[in-house]
Each structure stands twice: as structure tokens, then as C-alpha cells.
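One structure below.
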Amino acid sequence: MRILVIGAGAVGGYFGGRLANAGRDVTFLVRAARKTHLQQRGLEVIDPYGDFTVQPKLLTAEELKENPNAFDLVLLSTKAYSLDAAMDDFAPAVGSETVVLPLLNGMQHLDTLDARFGQERVVGGSVQIIGDVDAEGRVHSLGKLHDLNYGERDKSVTPRIKAIDATLKGCGFEANLKPDILAMMWQKWTLLAAMGAITCLLRGSIGEVVAAPGGLETARAIAAECVAIATANGYPPEEAFHAVMIKRLTEAGSSLTASMYRDLQKGAPVEADHILGDWLARGQKRGVDAPLVRAGFAQLAIYSAALKI
């Protein structure tokens, strides 16, 4: 199976790097500057399970456009705000049998990809990893979680999803074919929306929030708003997941932050519309009000508007 990984950042760099290191046929679609860097240094991955460096196959969008080449699987791990540009970049790699496996947060990207490439080409996907890229371009996995989950959105087990499953297994990370991938994506979104609203609205890690006067109560209230929105949309968190979620969002001394908060701290763009804006819209459609989450989204909208000035 020929795999095209879109980008070589924290998510694409980690899982694509692991796949390449395991001998899978992987090509990275990257910007020209990133291509030059990777050609010089290789793709360096710093991982609790063992560091490694690979010399991957590389393409730029310009090269792909000049020589269209259909791949079997497109592993899409771009940020939501870059999705439109990414689709233009990898479109020449999508043929009649290509499967697009998006690893973005939230759900809005599925509609966008369906409209561009057809629903029949897009499966569901979700990752569980805390990753980052340092100033030297090295990909860091910052914890023990390194799960890649996928499945057909209609819950069927097709020959193509079996082939994807066989290709992704045995590559140094947890590869999981899920019977209900949409439910898993909703669960992750519930956690990310709550964590994003808590850490971005209150401007601190979970431990710092919990230590502040009223912080614990605010964190619990934000989590409750998010659970209410998920439940109203037909995806209530499973009991075990809910217990773990509340523990993670209220743990004293925790250094946990949302990736949006880390991006905010760097002065980088954030996925506010995709993670919180769409979340609020789906809640409003179902008659669920979420004033604290809305305040968090307003905070990020002000920040995003200032970046564009």
C-alpha cells in the first residue's frame, strides 16, 4: 500500500515516521523548506518508546502537480485552518481507489473532504498523542499515548479498511480498527473542547486552573457543558471515558494543557473555529446553551483576529 502523509509535523511526522521506519511505502508531502531540512537531517523522532531517524521519500505540492500520481492511502494530519490549502496540494494524489484517512480534531473536516473528494473516499480517523516539533525540526512524542484509530463511518468492515488495518499494524504504535469510529471521534472532541475552553479561557494548565480560587468549579462546569452538547447530538461519553475525562480535567498539579493553549502561548494560529466554534453551533442547533465554552471561543476569536492585523 502506497501511503502519502500530508505534512511532517507532530502528528504526521510521528505516525508517518513510524510507518517509514517499519518499512512501509511512505512519502511525505511537505513544503520546500521542510523538504530541504529533511533531506539534510532526516526525519528525527524523539519518543519514549525509542528515538529514531529515517530518510523518507519527499514530495512538494509543485512536484505532485507537475506529475500527478495516485496513492492508495492519504494520511491527512494538517491543522484545520490549513485544510483547504492541503486539499489543493494533495488532490493530484487522489485517484478512483484512493482512501483519505483524516486525523484532524472535530468533525467539520469530514463535510469539507466529502464535498471535495466524495464521501466514499473518506474514512474516519482519530489519534491519541501529545506531540510537538522543536526549533530544530525534530518531532517529539511527549507521553506514552501513541494510538491511531480508524474505521468506516458506516461501521462496516470492508476489504479496504482491512487492508489499511493490516498495513498500519506492527509499526511501533497502537493501530486500532474501531467498530464505531464516529463515536470515538465525538468522545475525543468532547475532551478537546472542554480542555481547550478550560486552559484557553483561564490561561493556565489544568493544575494551575484547579489551584486558583473557583478554578475547579469552573473546570467542572465547562466539562458539563461539553458533555451536554455531545449527549444532545447522540454521542454521550461512555461512563468509563467520562470518569477518565473528569479526572484529567480536574487533577491537582497536572501540567496538562490543550494544544490550542500551547499554540496560543507561541503566538501561532489556533483551531478555534473547528474545535469550539463548530462545537457551539452543534449545541445551539440542539438547544444547548454553553456560556463558558462560548466565552472561551470569544477569547480565541479575539486572539485570532489580532493575529491577522
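General remarks:
- Computed over the chain: relative contact order in percent, which uses C-alpha pairs under 8 Å that are six or more apart: 15 percent
- Mean-position separation - Cα centroids, segment 259-301 and segment 55-71, in angstrom: 35 Å
- Most mobile listed residue (Gly151, Gly50, Gly283) in the chain, GNM with C-alpha springs under 10 Å: Gly50
- Loop chymotrypsin sites (Phe, Trp or Tyr not before Pro), segment 1-84, which have at most 12 other Cβ atoms in a 10 Å radius of their Cβ (DSSP): Tyr49
- Loop sites in segment 86-174: GluC sites (Glu not before Pro), DSSP, at most 12 other Cβ within 10 Å: Glu97, Glu136
- By accessible area, using a 1.4 Å probe on protein heavy atoms only, segment 1-159 has 47% of its surface on carbon and sulfur.
- Each label was represented as a point 7 Å from its Cα along the Cα-to-Cβ direction; for Arg153 and Tyr81 these points are 2.5 nm apart.
- Evaluated at q = 0.09, 0.11, 0.14, 0.15 Å⁻¹: base-10 log I(q)/I(0), Debye formula over Cα of the chain: -0.45, -0.68, -1.11, -1.27
- Using C-alpha pairs below 8 Å separated by at least 6 residues, the relative contact order for segment 95-157 is 29 percent.
- Counting DSSP beta bridges with both ends in the chain, the antiparallel % (nearest 5): 35 percent
- Quarter of Cα convex hull surface for segment 254-309, i.e. mean projection, nm²: 4.4 nm²
- For segment 142-213, the solvent-accessible area works out to 40 Å² per residue, with a probe of 1.4 Å and every protein chain left in place.
- Once the C-beta distance of Glu208 and Gln284 is scaled by a Förster radius of 35 Å, the resulting FRET efficiency is 0.70 to the nearest 0.05.
- Residues of segment 70-112 with amide N under 15 Å of a point placed 7 Å along Cα→Cβ from Val133: 76-83, 86
- Protein accessible area in segment 254-308, 1.4 Å probe - carbon and sulfur %: 54 percent
- Axial C-alpha extent at least 20 Å, average Kyte-Doolittle at least -0.5 - helices from the chain (DSSP): 181-202, 215-232, 291-307
- Over segment 1-120, the Kirkwood radius and the radius of gyration, each from Cα atoms, give a ratio Rg/Rh of 0.95.
The values are calculated or read from the model by the stated rules, or taken from the named source; none is laboratory data. This one's a predicted model, so the numbers in the text were calculated from it and none came from an experiment. Don't worry about glycine lacking a Cβ; one is built from the backbone with ideal geometry, like all the others, and counts go over all protein chains shown. Keep in mind that these areas ignore ligands, DNA and RNA; they rest on the heavy atoms of the full protein, side chains included. Shrake-Rupley method; radii C 1.70, N 1.55, O 1.52, S 1.80 Å.
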